[in-house]
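Notes for the one structure printed next.
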Amino acid sequence: MPDRPRLAAASRTVVGKKVAHLRHEGRLPAVVYGHGVESESVSVDAHEFELLHRKVGASTLVDLSVDGKKSRPVLVHSIQVNPISRRPIHIDLFAVRMTEELTVEVPLVGQGAAPATELGGTLVHPTSSVRVRALPDKLPDSLHYDLSSLVDYDTTITVADLEVPDGVTVQADEHEVIARVLAPRVELEEEPVAEAAAEAEGEGGEAAEGGAAEGGEGEGSTES
């Protein structure tokens, strides 16, 4: 098994609005919590965390060490970001028990090519992630599926087609569609419509002229 990503943290007593100076010093305030674990306020190096966050997902275990003590596995549970800069401003780290199953959301990844796209269709993904349940060391970073079965517009790939590792339970309807190819939209030709409108206008004009001529003959006979 490959080594887990590591993250170093330091205990902190500063809370509330006073944490602003931590951010100015390049550190992120964070909270470590979990089932049967007392909540702990810590801080981490902002740059180190951003590098880590590029490589880990919601189901990736991270070895967290606080004040240089023995590391323990955590999940990056949630991240608060600045609405303008989109940079992290606070993180929640969930301390896991390796013997306790967890439920997390994992992304879905299509592999290969969908033959139906060569017919002009568009590949769509109605569902991009699913919830799974497993022991912490069994949680997958993502689930994969093969796109080569999409040979026409009627074929779909569903949750039942996912490649699910042993020990992992997908908590979603097996019939839920996760990928399909939509047929190209048929655009109506404007020219025939325009010609039909012109013909209708011409017929209307002829009818109006005919009516006027008949009306003129009638008036002449009345006067005589």
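A few notes on this one:
- Rounded to the nearest whole Hz, the Karplus-based 3J(HN,Hα) values (6.51 cos²θ - 1.76 cosθ + 1.60, θ = phi - 60°) of the stretch 107-118 follow the sequence x, 9, 10, x, 10, x, 10, 9, x, 5, 5, 6, with x at glycine and proline.
- 14 Å beta-carbon shell around Thr117, net charge (K/R +1, D/E -1): -1
- Total formal charge among the other residues, if their Cβ is under 11 angstrom from that of Val106, Lys/Arg +1 and Asp/Glu -1: 0
- Of the peptides 159-170, 53-64, the order by per-residue mean of other Cβ atoms within 10 Å, starting with the highest, comes out as 53-64, 159-170.
- For Tyr33 and Val109, a Förster radius of 22 Å and the Cβ-Cβ distance give a FRET efficiency of 0.15, rounded to the nearest 0.05.
- Charge tally around Asp173: other residues with Cβ under 14 Å, Lys/Arg +1 each, Asp/Glu -1 each, net -2.
Every read-out reported here was derived from the displayed coordinates using simple, explicitly stated rules and does not represent laboratory data. Keep in mind the model is a prediction, meaning the values are calculated, not measured. Cβ sites come from the backbone with ideal geometry, for glycine too, and all protein chains shown count toward neighbours.
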